[in-house]
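Colleague: Below is one structure. I have some questions about it.
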């Protein structure tokens, strides 16, 4: 069939040839058609069937439609529409700049310049040896340029763009795109907020703006540079120089002896070669090294974590370092600085060096080394542990019933929530059992015990120092413990002494204090307290004036009342109360009757002006009919 007008083949007619020079169109039918264009710009549609479309002259549009079609554009800038992977496009050399629009995975045939992927299916596109422009669709595409200086655009979707040979321009567009670079003149372009993108390169390369990750490939000694974003930069198996620039970067040198430079930001380094060199500057952020080989932190790097399962070692620098071991036996050395050393699960040796160091112990075989004058050091342990020399503090962690023992120094030992046995050994120790039912053994020295369970046991032997219990529960002092102070937690709790000379101090609530035997000192604190001295020459001390204590067994022959002159401010002179400042009677009569004892009621009061003009304040009830004199009262 020959036509000089727009024409569609009738049924059962196989071939169509367009005549003339005008731009007319031709459409096939469901047979295997041969459609020839004319010298004008034609649109040729094959319809169904395995068609042959020949554009001849002009800028033609060729669409095979259904079937395995063969399309030849001829001279002119032709456009092809492909919908079957078996479609064949044929162009000869110097026949124009041609485009293929494909709804299926497709590779450009020779002498065709451009490829545009259409539709919404996950399909791929490949160029040829010309400078191609390849454009993806809105979904995930794998785009390969082939030879030539190509322009590849991913558009939407998580695309993979590989320019291959040539100086290529790769534009990913929206989505988490992957770029493969093999030429230092390749250009990668990403816009802000277009996804998390990765560039893999076999040549030295610097990340362009808005691309986050860089991977060096191959086995050549090449280099990589980040940008101002938080980059992940990974080296290859050769020697690399990796520079994170600004941002919180992750830099992994790979197997070679690499130079890694984090730049500004809180950077993380992954070390796999003992020859790796890390460079950080002052004020370059808080930086971390993860290493599966023995490693020494370089200057201005703060943290080191040993990885893997081999018995490797880690050493810090002059800064405050955090060094964490792996599951094997490690040697960790903090060097100077106030360091945190955590050996991990193995039986580790940890040396803090100078500074106030903190150790985390997870194995009873862990060994800690500190020297004299190494400052104040702390151990946190999840297993039973004994402090080595020159370590000051021990804290038990976890919930298991484990124990802790101090050394000859002044230690602070804290239990966990279970039942612990804490032994201070020598030194002036502070022992705090925590919430469990604990046994606290002070040893030599003036020890302080913190009690928070009524069943806590405090053990001291004779002549082991002057010891104090600070208790948040009612407590009775055991033998050889001298002093008790009730902690202020808003509860009504009580305290009892023993047969020694005790000092008992109440809290802000109403307490009952009983000194038992011994020459005791009782200070009720802020509440309205009941004080019993028991046997011995006892002292009842008043350090507040707005509460009324009751003394149950005051004896003028043996006991003494002490008044704090910073509270009872009219009593300016320290020492035995002046005789003219005590009035035995119902009220003050002259200018200096500051202390009034009423024999009838047993009330002991303080009159701030000494003459009764201002009402006296009762501070205690000490018993009736006592032969109280000024010699029984001391101002402190």
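Values in this text are rule-based calculations from the coordinates and carry no lab data. Because the structure is a prediction, the values reported are computed rather than measured. All Cβ positions, even for glycine, are placed from backbone atoms using ideal geometry, and neighbour counts span all protein chains on display.
Colleague: Can you give the direction-averaged projected area of the convex hull of the alpha-carbon atoms in the range 454-580, in nm²?
Modeller: Here the figure is 8.4 nm², rounded to one decimal.
Colleague: Assuming a viscosity of 0.692 mPa s and a temperature of 37 °C, what translational diffusion coefficient in µm² per second does Stokes-Einstein assign to the range 1-132, Rh being the Kirkwood radius over Cα pairs?
Modeller: Diffusion coefficient, whole number: 227 µm²/s.
Colleague: Run the simple label-point estimate for residue 587 and residue 237 please: 7 Å along Cα→C-beta, distance reported in nm.
Modeller: With each label point 7 Å from Cα toward Cβ, the separation is 10.5 nm.
Colleague: Also: With a Förster radius of 35 Å, plug the Cβ-Cβ distance of residue 462 and residue 566 into 1/(1 + (r/R0)^6) and report the FRET value to the nearest 0.05.
Modeller: The value I calculate is 0.45.
Colleague: Could you list the square roots of 5 times each eigenvalue of the Cα gyration tensor of the range 110-195, that is, the equivalent ellipsoid semi-axes, sorted largest first and rounded to whole Å?
Modeller: That gives 19, 16, 9 Å for the three semi-axes.
Colleague: Continuing with the same structure: Considering only DSSP beta bridges with both partners in the range 562-635, what is the antiparallel share in %, to the nearest 5?
Modeller: Percent antiparallel among DSSP bridges in the range 562-635 is about 65.
Colleague: Here is a further query. Starting from the 7 Å offset along Cα-to-Cβ, what nm value, one decimal, do you get for the label separation of residue 630 and residue 356?
Modeller: 5.1 nm
Colleague: Along each principal axis of its Cα atoms, how long is the chain end to end? Whole angstroms, biggest number first, please.
Modeller: 145, 56, 39
Colleague: Using Cα-only point scatterers and the Debye equation, what is log10 of I(q)/I(0) for the range 348-407 at each q in 0.14, 0.25, 0.26, 0.28 Å⁻¹, rounded to two decimals?
Modeller: -0.33, -1.00, -1.07, -1.22
Colleague: Radius of gyration and Dmax for the range 562-635's Cα atoms, expressed in Å?
Modeller: 11.0, 29
Colleague: Between residue 204 and residue 10, what's the calculated FRET efficiency when r is the beta-carbon distance and R0 is 56 Å? Round to 0.05.
Modeller: Using R0 = 56 Å, I get an efficiency of 0.30.
Colleague: Grab the Cα-Cα distance for residue 85 and residue 573, subtract it from 0.36 nm times how many residues apart they are, and report the gain in nm with one decimal.
Modeller: Residue separation times 0.36 nm, minus the Cα-Cα distance, leaves 164.7 nm.
Colleague: Expressed in whole Å with the largest first, what are the equivalent ellipsoid semi-axes of the range 226-384 derived from the C-alpha gyration tensor as the square root of 5 times each eigenvalue?
Modeller: In descending order, the three semi-axes are 28, 17, 12 Å.
Colleague: When every alpha-carbon pair in the range 379-498 is counted, what percent end up more than 21 Å apart?
Modeller: The proportion of pairs with Cα distances above 21 Å equals 32 percent.
Colleague: If I take R0 = 45 Å and measure r between the Cβ atoms of residue 282 and residue 555 in this structure, what FRET efficiency does the formula 1/(1 + (r/R0)^6) give, to the nearest 0.05?
Modeller: 0.05
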